[in-house]
1. Along the charge dipole of the stretch A:7-63, pointing to its positive end and built from +1/-1 on Cβ of Lys, Arg, Asp and Glu, which listed residue (A:L23, A:G57, A:A46) has its Cα farthest out?
2. Relative contact order for chain B: what percent, with Cα pairs under 8 Å and sequence separation of 6 or more?
3. Peptide A:232-239: average number of partner chain Cβ atoms within 10 Å per residue?
4. Along the charge dipole of the stretch B:89-235, which of B:A170, B:A118, B:M187 sits closest to the positive end, that is, farthest toward it, with unit charges on the beta carbon of Lys, Arg, Asp and Glu (+1, +1, -1, -1)?
5. Just the number, please: Stokes-Einstein D of the stretch B:208-350 in µm²/s, Kirkwood Rh from C-alpha pairs, 25 °C, 0.890 mPa s.
6. Which GluC sites (Glu not before Pro) in the stretch B:352-459 pass both tests, a DSSP loop state and at most 14 other beta-carbon atoms within 10 Å?
7. Which order do the peptides A:29-37, A:109-117, B:412-420 take when ranked by the mean count of other beta-carbon atoms within 10 Å per residue, highest first?
8. Would you order A:H131, B:H38 from fewest to most other beta-carbon atoms within 10 Å of each residue's own beta-carbon?
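No lab work stands behind these numbers, since they all come straight from the coordinates. A quick note: this is a predicted structure, and the numbers were derived from the prediction, not measured. Here the Cβ positions follow ideal geometry from the backbone for every residue, glycine too, while neighbour counts run over all protein chains shown.
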2 protein chains.
Amino acid sequence: MTVVPSDLDAYLTANDERIRRELFDLLTIPSVSARSEHDADTRRAAEWIAGSLRSAGLAATVHETAGHPVVVGEYRGAPRGAPTVLVYGHYDVQPAEPLDLWTSPPFAPTVRDGRIYARGSVDDKGQLFLHVKALEAHLAVRGTLPVNVIVLAEGEEEVGSPHLAPFIEAQQDLLRCDAVVISDSAMFAPGLPSVLSSLRGLAYFQLDVQGPAQDLHSGSYGGAVVNPAMALARILATMHDADGRVAVPGFYDAVRDWPAPVREQMRGLPFQEETFREETGASALGGEQGYTVLERLWTRPTCEVNGLLSGYTGEGAKTVLPARAMAKVSCRLVPDQDPRAIERLMQEHVERVAPPGVRATVTALHGGRPWRAELDGPLFDAARRALAAAFGREPVITGEGGSIPVVGDFERVLGAPVLLMGFGLPGENAHAPDEWMSVENFTKGMRAVAVLLEEMGQG
Amino acid sequence: MTVVPSDLDAYLTANDERIRRELFDLLTIPSVSARSEHDADTRRAAEWIAGSLRSAGLAATVHETAGHPVVVGEYRGAPRGAPTVLVYGHYDVQPAEPLDLWTSPPFAPTVRDGRIYARGSVDDKGQLFLHVKALEAHLAVRGTLPVNVIVLAEGEEEVGSPHLAPFIEAQQDLLRCDAVVISDSAMFAPGLPSVLSSLRGLAYFQLDVQGPAQDLHSGSYGGAVVNPAMALARILATMHDADGRVAVPGFYDAVRDWPAPVREQMRGLPFQEETFREETGASALGGEQGYTVLERLWTRPTCEVNGLLSGYTGEGAKTVLPARAMAKVSCRLVPDQDPRAIERLMQEHVERVAPPGVRATVTALHGGRPWRAELDGPLFDAARRALAAAFGREPVITGEGGSIPVVGDFERVLGAPVLLMGFGLPGENAHAPDEWMSVENFTKGMRAVAVLLEEMGQG
């Protein structure tokens, strides 16, 4: 069985404190890509990553885009014939609100109970940074890397990567590679290294319902003017049937059945629905009838409300008939659903069900295609050996309910297979208050990547 | 036909500028009773009213309550045998948000096109203040009032008057009277003085739906965890049927039919549904099938959403599965619906329709009973003559969709009939940005009240 080479292991152990300090420094930068008031912070995070790549021994360039910059690190000094590996990650983070639900401030990283708490700790700064440190270990100890490496770090993942696909298209020559490695997902359970077989896609909308021209007194006008908040509720209520299926006509038309062996493997995973339920804190689970919880999460599409806003939401009572109501609505997609097709279906559906007296509009905010992995070949084999070396056991094959829209773009433009090898854990609060990353997974993750580089160099 | 006595008219004309300045001074005080950060402002408004009553020649006391104070002004020097009239109004105002929709700031009163724009201009500071100035005119010109007068000004009307009914109960002897006069409503149209025959009651709730213990990533959990925002929408969608009737079981059980003559009179009012629709800015009107717009507004109960809040509501997209969702929901009630009974029906209904996986709770925020007026007797006759004198035409009998919960309390505790004689106008934005009061109605309102006092003294 492959083991973590002792020289790399020793280097990472000896430098553990410094590496932690550097990570914490990165985590203090509030690089919230969705908020223009954080644009300077987001740029600062890009420069920080470039500096970190240079310190590790790579060349690094901050490329401008129409949005947040893309950082590209390069090492081209591998032995002739060695493959080129592209590592992708993102340095931007989700908004941290609601701030009052954080135990410690989101941009003041803190270790509690073996976890690093901070916005971006696991999604994705910590997982991006462990790649940089694995590269540093190789270069510091051995003066060279066994493969050519391109590190591509973007700053718009949390807003749908609007400028990444064009960047990849435009920079195909720079980014040409034999494999893409991404760590932006979770292991199935603590101690259980995992390789992802699928990602769901996303179609994210804003649904606006406009009623009267301005807020009205609910006593003087209520009963004769259509209430846009009630209209919004009635529109949203049409989006599922009683069995939890999405009731937007045509929604399931493009859904392909899942391969039986993958479904079989999923059913063998050590998964307790009751434990999952307890972890969420919900009183019961729900969703589409006829599927297990893991199937609902990984293999079935959804339609969710991500936000609601209308009228008076403060302390006490205000008798207002609101002028407008807004919902953020997003659909998770599975192969072969197409975000643009879903967008059209959603617009047609909302037009059909909106009552007279209000104007309902659907605006697409972002989307990404669903994806399934190739689970054969040298990339997957190297990953299996690397994870086994770092974690002491073979990885399991899992699915993922979330979306990394760029995965499909990499495959399409660069023609290289993508490996999704994540080091998060269930319950990590990736998009919620008290986001955390396991210290153990960060530590073992660096070693797994160090071995992966070596294994791919021998391929 | 009764006319406005020339001495009172001359006084009000001569002092017009000063009276306007004083009113503007009152309107600059942001006495928002719903917001604890405005407690000091609300108290300042109470003291201001007491000072104004004293300047007019009444005794005035600021009475403490467990909430905002109650101001009582008194004049007991009328001729033996003269009746006692209690004037009720409120010095608190609605919250002014959203501030960006005001043309001029809410607490910087401004006259544009014959309208006084300010939060509280018509609801109810302007209408309360015109009573004070009518009293001042009598006392300044004639040194006496034709009736004994009690002015009762509260500071909690916009939060449901929680301490007023107990105050009236406790101070029955102080407040004993033969008639109650309230100006906190609107005329049917410009130039058309109006007396109200009815008010709707109110039952105002907050509906909270709790799902998971905290916000979750909508990709990692969506499809297996019940979404509380979607659950809230589905609960709200059960509250009406396809004909616009409230579908909460038992909701209509206590509704009494409206008297045929009042319904007949209402159908004779000069009302254009299309003009009303244009005024609201809505693309079409809605509501309960089988009733005219005025019947829907005045004689039929409603269920409205006043506010919605859940999850992420900022700029851009956040893929969150919210932990909770909230709706402010209120029902307008008609005789003989009871707010507490409606509260129970609402709680039972929500419990019945809430899906497993969420906890839905209904919290009553405030309520008030519906009311119908006595349209016979000396009080109504005096009002008819007073309004005719000031406006040059007989008043019409109207209804009102809004609520003044204290009206029923006055009748019950003091045993005196209540006259609702308001000087607002349609489109006045009472609870919305750009609230205004007509300068003409303020001016004529003072004169109408001056005549009313005289007419009641002769009764």
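1. Farthest towards the positive end: A:A46.
2. With pairs under 8 Å counted, the relative contact order is 26 percent.
3. On the way: counts 5, 14, 7, 2, 8, 9, 3, 3.
Shielding by partners across A:232-239 averages 6.
4. So the residue furthest toward the plus end is B:M187.
5. D, rounded to a whole number, is 137 µm²/s.
6. Details: sites: B:E374, B:E400, B:E411, B:E428, B:E435, B:E440, B:E454, B:E455; in loops: B:E374, B:E400, B:E428, B:E435.
Answer by residue number: B:E374.
7. Order by mean packing, descending: A:29-37, B:412-420, A:109-117.
8. Lowest to highest Cβ neighbour count: B:H38, A:H131.
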